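Student: Have a look at this one before I ask anything.
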Amino acid sequence: MKKIFISTLGCKVNQYESAAFKTQFEDSGHTIVASKENADIVVINTCAVTANAGAHSRQSIRQSIRANPKAHIIITGCFAEIGAKELSLEKELLGRKYSIVGNSKKDTLVVNALQNTTEVSQILLGSIENAKEICRLPVRRFGDRSRAYLRIQDGCDSYCTYCIVPYTRGKSRSLPQSEVIEQAVIFAAEGHREIVLTGIHLGMYGKDLDENENLVSLLTLLRDATPKISYRISSLEPTEITDTLLELMRSSNTIQPHLHIPLQSGDDHLLNRMNRKYSTAEFRSTVKKCKKSLPDCALGIDILAGFPGETEDHFNNTVSFLESLDFSYLHVFPYSVRPGTVAATFGDQINSKIKNRRVAILRELSERKKRAFYKSQIGQTYPAFVEGKRDKDGKLKGFTSNYVAVKFDGPDSLFYKRVNVKLISSAGGYIWARREESDES
């Protein structure tokens, strides 16, 4: 019996895939441990979406090598995909047992890790650019949390000029609906009560499947197959939020009124330079459509600060555009140069001081929008999913169906359950709520 340590960096898709590794190791009779120092095998599921993510991945690899000189080190994920040659030259890896596993070979990771091979090093990259099917990576239970991520799609065909992901994840590939349903049913049987549907480009789900397989048909099947499960949609492009999807969300109690929509810039010139497939006018129309169909829905927006060539006028256009929109919060990212992308070749890069100032302005705007959204929800009653631990003051905490952070009084028996709460008053980054004595699940 071997002891396995798994380190996961980056996105929800990586977290799902690491949960699949855990399932396979445990089903093979091995033990997952909490410390890399005590492990026989150390798996590092890396990220490369930004320069910082790549640096963090490399740091994690080096720390693991130094912490456990005898362990079999397995490096996978996006940083492994684009940096395999670079990693194979790491002096710390020379002469010791290690494996580098590409994203298209993740379904072979556990089997290869458990083989009694005498090879010192093993590189299993495959050909991500030619991958035509999604890796099958079933999960038995998503950690100890009642909320689970379910990866239904992988890859991206968009080739935004700033993004390395199409080169590390390949073309868009979907998990067939029957297999998605099977995984959701397993999660439901294991006690999960909320599932977040994830993917690299979620709105492309079903494009490579049969004609009638798409995100809306999948959500309909999931709703009917697992009526006690709540579903969240992780992120959709503005052009992919259809009237049909909004109507399904409006009419369903199990598909949460929460959408996250990448914008990246509020200036049309920069959107074109980023190779984004919409204009600010189209984005505004999408936001209005969402709010008309789901007036109390949470709308999150991704925004990128300091893209090459972003002048003060471009940035001010972005701020003014965001000020005019009805949304709930921002995820703000400073632009990061990624070698191998088109934008990395642009000559008009923005210095870090200007970038940091713009990030700070956008984050302050996000806080104002979030406070306004929270204030607008006071007096309403919503189902809330209760987390498995209390805050420092002993209060229960969680998120409502429309993604409002709440705290309230209640017993430990409510952990990992869904309860109705009335929103009473705003208190910083959350709302004080009162539990309603009905419909607990």
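The values are calculated or read from the model by the stated rules, or taken from the named source; none is laboratory data. Please read all numbers here as calculations on a predicted model, not as lab measurements. So basically every Cβ, Gly included, is an ideal-geometry build from the backbone, and we count neighbours across all protein chains shown.
Student: Has region 170-191 got at least one residue that is in contact (Cβ under 8 Å) with a residue 40 or more places away in the chain, within 15 Å of the chain's Cα centre (by Cα) and in the same structural domain as ASN212 (by TED's automatic domain parsing)?
Tutor: Taking every residue of region 170-191 in turn, none turns out to be in contact (Cβ under 8 Å) with a residue 40 or more places away in the chain, within 15 Å of the chain's Cα centre (by Cα) and in the same structural domain as ASN212 (by TED's automatic domain parsing).
Student: Ok, one more. Residues ILE195, ILE200: which one is outside the structural domain of VAL404 (by TED's automatic domain parsing), of a type outside the set (Lys, Arg), crowded, with 21+ Cβ neighbours inside 10 Å and part of a loop (DSSP other than H, G, I, E, B)? Give the steps one after another, and end with the answer.
Tutor: Values: ILE195 fails: part of a loop (DSSP other than H, G, I, E, B).
On inspection, the qualifying residue turns out to be ILE200.
Student: So ILE350 ticks every box in (1) surrounded by 13 or more Cβ atoms within 10 Å (Cβ to Cβ); (2) not assigned by TED's automatic domain parsing to the domain that holds SER320 but one. Which box is left unticked?
Tutor: (2)
Student: Additional query: Could you list all residues from region 357-387 that are surrounded by 13 or more Cβ atoms within 10 Å (Cβ to Cβ) and part of a loop (DSSP other than H, G, I, E, B)?
Tutor: ILE378, GLN380, GLU387 - these are the residues of region 357-387 that are surrounded by 13 or more Cβ atoms within 10 Å (Cβ to Cβ) and part of a loop (DSSP other than H, G, I, E, B).
Student: Mind checking which residues of region 1-30 are over 19 Å from the mean Cα position of the chain (by Cα) and among the acidic types (Asp, Glu)? Explain how you work it out, then say what you get.
Tutor: So in region 1-30, the residues over 19 Å from the mean Cα position of the chain (by Cα) come out as 1-5, 23-30.
Selection gives GLU26, ASP27.
Student: Next question. Quick check on my filter: what residues within region 117-155 are surrounded by fewer than 17 Cβ atoms within 10 Å (Cβ to Cβ) and closer than 25 Å to ASP27 by Cβ?
Tutor: Hits for region 117-155 are THR117, GLU119, GLN122, GLU133, ARG136, PRO138, ARG140, GLY143, ASP144, ARG145.
Student: Kindly list the number of the only condition in (1) assigned to a helix (DSSP H, G or I); (2) within 26 Å of LEU299 (Cα to Cα); (3) β-branched (Val, Ile, Thr) that fails for VAL419.
Tutor: (1)
Student: Another one. Filter region 111-144 for residues that are closer than 28 Å to GLY206 by Cβ and in contact with a strand residue (DSSP E or B) (Cβ under 9 Å, 6 or more places away or on another chain) and give the result.
Tutor: The answer is LEU125, GLY126, ALA131, LYS132, GLU133, ILE134, CYS135, LEU137, VAL139, ARG141, PHE142.
Student: Residues ILE73, ILE61, ILE100, ILE41: which one is in contact with a His (Cβ under 6 Å, 6 or more places away or on another chain) and more than 13 Å from ASN14 (Cα to Cα)? Write out each step before concluding.
Tutor: Details: ILE73 fails: in contact with a His (Cβ under 6 Å, 6 or more places away or on another chain); ILE61 fails: in contact with a His (Cβ under 6 Å, 6 or more places away or on another chain); ILE100 fails: in contact with a His (Cβ under 6 Å, 6 or more places away or on another chain).
Just a single option satisfies the conditions, and that option is ILE41.
Student: Can you go through THR50, THR23 and tell me which one is surrounded by fewer than 22 Cβ atoms within 10 Å (Cβ to Cβ) and farther than 27 Å from LYS85 by Cα?
Tutor: Working: THR50 fails: farther than 27 Å from LYS85 by Cα.
After ruling out the rest, the residue left standing is THR23.
Student: Looking for something surrounded by fewer than 16 Cβ atoms within 10 Å (Cβ to Cβ) and either assigned to a helix (DSSP H, G or I) or touching a strand residue (DSSP E or B) at 6+ places or on another chain (Cβ under 8 Å) (or both) - is there at least one such residue anywhere in region 256-268?
Tutor: Scanning region 256-268 turns up no residue that is surrounded by fewer than 16 Cβ atoms within 10 Å (Cβ to Cβ) and either assigned to a helix (DSSP H, G or I) or touching a strand residue (DSSP E or B) at 6+ places or on another chain (Cβ under 8 Å) (or both).
Student: Out of curiosity, is THR168 crowded, with 19+ Cβ neighbours inside 10 Å, assigned to a helix (DSSP H, G or I) and of a type outside the set (A, V, I, L, M, F, W, C)?
Tutor: Details: crowded, with 19+ Cβ neighbours inside 10 Å: yes; assigned to a helix (DSSP H, G or I): yes; of a type outside the set (A, V, I, L, M, F, W, C): yes.
Taking the combined requirement at face value, the residue satisfies it.
Student: Is there a residue being closer than 26 Å to LEU304 by Cβ and surrounded by 24 or more Cβ atoms within 10 Å (Cβ to Cβ) anywhere in region 26-43?
Tutor: Applying the first criterion (closer than 26 Å to LEU304 by Cβ) to region 26-43 yields none.
No: zero hits.
Student: Additional query: Is it fair to say ASN316 is assigned by TED's automatic domain parsing to the domain that holds ILE229, modelled with pLDDT under 95 and either polar (S, T, N, Q) or under 30 Å from THR381 (Cβ atoms) (or both)?
Tutor: Details: assigned by TED's automatic domain parsing to the domain that holds ILE229: yes; modelled with pLDDT under 95: no; either polar (S, T, N, Q) or under 30 Å from THR381 (Cβ atoms) (or both): yes.
No.
Student: Name the residue that is nearest to the chain's Cα centre (by Cα), counting only residues in region 217-242 that are surrounded by fewer than 17 Cβ atoms within 10 Å (Cβ to Cβ) and of a type in the set (A, V, I, L, M).
Tutor: Ranking the candidates gives LEU221 first.
Student: Next up: Cβ-Cβ below 7 Å, separation at least six or inter-chain, first residue in region 398-416 and over 17 Å from ILE195 (Cα atoms) and outside the structural domain of SER328 (by TED's automatic domain parsing), second in a loop (DSSP other than H, G, I, E, B) and modelled with pLDDT of 95 or more: which pairs?
Tutor: Taking only residues 6 or more apart or on different chains, the pairs are LYS407/LYS395; PHE408/LYS395; ASP409/LYS395.
Student: So, one more: Which is over 21 Å from LEU197 (Cα atoms), part of a loop (DSSP other than H, G, I, E, B) and acidic (Asp, Glu), of GLU119, GLU129?
Tutor: Values: GLU129 fails: part of a loop (DSSP other than H, G, I, E, B).
Step by step, each of GLU119, GLU129 is checked, and only GLU119 is over 21 Å from LEU197 (Cα atoms), part of a loop (DSSP other than H, G, I, E, B) and acidic (Asp, Glu).
Student: Of the residues that sit in region 312-341 and are part of a loop (DSSP other than H, G, I, E, B) and touching a Lys or Arg at 6+ places or on another chain (Cβ under 9 Å), which one is nearest to ASN272 (Cα to Cα)? Lay out the reasoning, then the answer.
Tutor: In the first step, residues of region 312-341 are kept if they are part of a loop (DSSP other than H, G, I, E, B); the result is 324-328, 335-341.
Then keep just the ones that are touching a Lys or Arg at 6+ places or on another chain (Cβ under 9 Å); that gives 324-328, 335.
Details: SER324: 21, LEU325: 20, ASP326: 23, PHE327: 23, SER328: 25, TYR335: 16 Å.
The residue in question is TYR335.
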